[in-house]
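First comes the structure, then the notes that go with it.
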Amino acid sequence: MPDETPHQPDEPLDETLDTSNAGADDEATLKPSHPAEWPFEGLEAPPKTIGQYRIIGVIGSGGMGAVYEAAQDNPKRRVALKVVKSERASPAAMRRFQFEVQTLARLRHPGIAQIYEAGTFQSDAGEQPFFAMEYIPAARPITDYANEMDLSIEERIRLFERVCDAVHHGHQKGIIHRDLKPDNILVDRGGNPKIIDFGVARATDADLAVTTLQTSVGQLIGTLQYMSPEQCLGDPGEVDTRADVYSLGVILYELLCRELPYDIKKQAMLEAIRVIREEPPRRPSTITRIIRGDLETIALTALEKRADRRYDSADGLRRDLQHYLQHDPIEARPPTLSYQARMFARRHRTVVTAAAAVVLAITGGLIATGIAWSQAADLNVKLTRANIEVASQRDLAEDRLRQAKDLHRSLLRDTFYGVRDLEGAIEPKLQLASKVVTYFSEQRELGEVDRNDLETLADAYMEIAEIRGGTARGNIGELEQAVQDIRAARAVWEDVASVDPTDTEPKFKVALMYRREALMHQRLDHLTEAVAALEAAGQLLETIKDGDPKSFAATRVWGLSLLDQGDIRYNMDDLPLAKRAWTRGLKMLSALAERFPDNQRVQADHAHALRRVGLVVADDDPRHAIEHFRQSRDIFQARHDAQPQSTIAHRDLGWSHYFVGWSAMLIPLPDESVQAIDSGWRIIVLRCSLNPNDVVARSDVEKYLGSLIEVHADLDVMNLVPDRTRHAALVLQPIVEANPRNVALAEVLRQVIDAGQQATAGALAN
């Protein structure tokens, strides 16, 4: 049996609790349909042709009309055809429709859907206007796309930057969109965002009379959840480009947090408007700890109630997001000394050690300051009996003490999160995390901590555990101590969970800590303890799932934990229980894959589970195994097609071909075996050429080369090996020459060439 690749190779587990129906089909997703019967009540079925366009299907419908997918023969292309409902074709509606055409015609930007033609056609209801515009293949709302493709925070920001640039282009042309929302920002299969539907746009230089025809006072144009506070008034005179900035802020919030800043779906109109105009949005950092500091500031600045406190333009929002990604100071935040210092530390990793030392020194100084203030306060307490003036001095001292503590807490927390994700500098990061643990543990004993403090404490324990025994960024080999740190983090989350039994997030975190502990036990060969921890995780995850059947993250992690159990049981020579755990895990992940067909990470989990079970049954039932491997390969192929730039998807696809080939050899199906092995080899070699500095990519070439030779020898087709190695050498040779310092890659190439020469010599001898 070949060596099993890791369950999720070089890919961190997404441990964000998502209690939404993640990846589920969205009725608003614009996908053409071809119904046997017309499904839209009150909407006329279109003719077979409109002008020079052949109708293929319906994309969607709205209050104004419908959008169809159509084909144009000259030039040959697909278009989106927008048609106004006949009953809505009033003079005012016609003016509004014409205005949209004129508006779109002024815009030329790759991020805005291009208009091709406008006209009218004769229907049974009379003359109806239409216009043809750019068709967006595989169009998905931007939030759906980000979730389905499982984009990272950085990837979401870079995608959103392009949207901001497109909106800014519209503003420069004097156009306010006024209905920016995910359904109007579509992403094609290539990952390119396109803004659509400028039908409610208002030209900033338009004649007021024309504008009034479109949006009279008191008429709300736009979608309420994404509408700015001033737009809720219904007065077009109060709306300018900053209204679009607010809508962009809502979309950014949703991209980062996977939920909206306000939950107003079930509220009455007036109450919903009051919430938008008066209630502050929930801070993103209370939803996910990843979004804190500058990124949170950016999102909340875009969501300011007062337009004059928001970004002046969409480009200003884009620039600050760019500053964030480059670790530069953002414009939305006052450039304080401590803030500038943190940014410097993030940009210059070579001085992290010095920076951390300074922080530690400052921290100690603040504690000393706090003691001094405390002593002064005690002295003043005694003097208050004699002099009221001294009492006021005491209050001042206490105020300063409180300020010192607040500054200490803020600086310590912000610096910890700013330094944590930097590569290298293990020792200063360990010192800083230990300082965080010491400080917040002391505050915890005094009862002077809130939930944010406890979450920071848990994160610091896990940072120490990662440094001591983690796998993602290297470690110092202290696995036993790492187990104790994980348990300490779990105890903190258990305290948080005890406050509100209905809150599922801390319970989920406890379960994750159990799983982390189990994986650490597995590396220590403490298999009994590992199984016990995984069972404890499963019990907690089951309670979360029972309380919220749609809980995506809990179900996913439970399924992965069952696969982990199977691995450990197998290593304990308990094959029946191993098969039971693997089968349960596969069943659970298969159900998730069926529920969320567009969620790439869920599909990958399913494929890995299929591979795991395939390996188990291969010896006894290779035909059953190969069906699992083929299905796994097909899933990985679809994932690779959707994420062609993903190195992980690339690797998974390569090895999936190998397992098909290996199992085909057992049946035997020699032709399929040779073809599959060769396909996998080409993919693995290509990945290495694209990522020559990736140690995993280089290692995969070495491993696959050995497996390739073994399979070809078993099939008695060693004469094919020289051709396989020759291909690899031709791919890798120029990469080696372009990277003369990459000694490891040169060694890989040497092994490939040697294998080819030996195979050639063997073939000649035969």
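The values are calculated or read from the model by the stated rules, or taken from the named source; none is laboratory data. Quick caveat: nothing in here was measured; it's all calculated off a predicted structure. Don't worry about glycine lacking a Cβ; one is built from the backbone with ideal geometry, like all the others, and counts go over all protein chains shown.
Taking Ala763 as the residue in question, decide whether it is in a helix (DSSP H, G or I), out of contact with any Ser or Thr (no Cβ under 6 Å at 6 or more places or on another chain), more than 20 Å from Pro670 (Cβ to Cβ) and modelled with pLDDT under 90.
no
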How many residues of segment 709-720 are buried (at least 16 other Cβ atoms within 10 Å of the Cβ) and without any contact (Cβ under 8 Å) to a residue 40 or more places away in the chain? The answer is 1
With the structure loaded, tell me whether Arg309 is of a type in the set (D, E, K, R) and either farther than 22 Å from Arg178 by Cβ or surrounded by 15 or more Cβ atoms within 10 Å (Cβ to Cβ) (or both) or whether it fails that test. no
What is the residue count in segment 554-598 for residues that are touching an Asp or Glu at 6+ places or on another chain (Cβ under 6 Å) and either surrounded by 23 or more Cβ atoms within 10 Å (Cβ to Cβ) or free of Cβ contacts under 8 Å to residues at least 40 places away in the same chain (or both)? 1
Exactly one of (1) under 24 Å from Ser663 (Cα atoms); (2) in contact with a helix residue (DSSP H, G or I) (Cβ under 7 Å, 6 or more places away or on another chain) is unmet by Gln751. Its number? (1)
Checking the structure you have, find out if any residue of segment 243-251 is without any contact (Cβ under 8 Å) to a residue 24 or more places away in the chain, among the acidic types (Asp, Glu) and not in a loop (DSSP other than H, G, I, E, B). no
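What number of residues within segment 278-327 satisfy the criterion of being of a type in the set (Lys, Arg) and over 30 Å from Thr504 (Cα atoms)? Before the answer, list the steps.
Our first condition is that a residue be of a type in the set (Lys, Arg); within segment 278-327, this holds for 282-283, 289, 292, 305-306, 309-310, 318-319.
Now restrict to residues that are over 30 Å from Thr504 (Cα atoms): 305-306, 309-310, 318-319.
Of the residues in segment 278-327, 6 are of a type in the set (Lys, Arg) and over 30 Å from Thr504 (Cα atoms).
Which one of Ser338, Ser313 is more than 30 Å from Asp503 (Cβ to Cβ), among the small types (Gly, Ala, Ser) and modelled with pLDDT under 75?
On the way: Ser313 fails: modelled with pLDDT under 75.
Exactly one of Ser338, Ser313 is more than 30 Å from Asp503 (Cβ to Cβ), among the small types (Gly, Ala, Ser) and modelled with pLDDT under 75, namely Ser338.
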Can you name every residue in segment 173-228 that is out of contact with any Ser or Thr (no Cβ under 7 Å at 6 or more places or on another chain), part of a helix (DSSP H, G or I) and modelled with pLDDT of 50 or more? Asp183, Asn184, Leu224, Gln225
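Outside the structural domain of Asp700 (by TED's automatic domain parsing) and either more than 24 Å from the chain's Cα centre (by Cα) or at pLDDT below 90 (or both): which single residue out of Asp621, Asp641 fits that description? Outline the logic, then answer.
Working: Asp641 fails: outside the structural domain of Asp700 (by TED's automatic domain parsing).
Exactly one of Asp621, Asp641 is outside the structural domain of Asp700 (by TED's automatic domain parsing) and either more than 24 Å from the chain's Cα centre (by Cα) or at pLDDT below 90 (or both), namely Asp621.
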From the options Leu732, Leu708, Leu749, residue that is within 13 Å of Asp678 (Cβ to Cβ) and in the same structural domain as Gly661 (by TED's automatic domain parsing): Leu708
Please work out which residue is modelled with the lowest pLDDT, limiting yourself to segment 734-760 and to residues that are of a type in the set (S, T, N, Q) and more than 14 Å from Val701 (Cα to Cα). Thr760
Report the residue count in segment 472-531 for those that are at pLDDT below 85, among the β-branched types (Val, Ile, Thr) and surrounded by 16 or more Cβ atoms within 10 Å (Cβ to Cβ). 1
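Would it be correct to say that Arg277 is surrounded by fewer than 16 Cβ atoms within 10 Å (Cβ to Cβ), part of a helix (DSSP H, G or I) and in contact (Cβ under 8 Å) with a residue 40 or more places away in the chain? I'd like the intermediate steps shown before the answer.
Values: surrounded by fewer than 16 Cβ atoms within 10 Å (Cβ to Cβ): yes; part of a helix (DSSP H, G or I): yes; in contact (Cβ under 8 Å) with a residue 40 or more places away in the chain: yes.
The answer is yes for Arg277.
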Look through Ala533, Ala465, Ala460 and report the one residue that is touching a His at 6+ places or on another chain (Cβ under 7 Å) and touching a residue at least 12 places away in the same chain (Cβ under 8 Å). Ala533
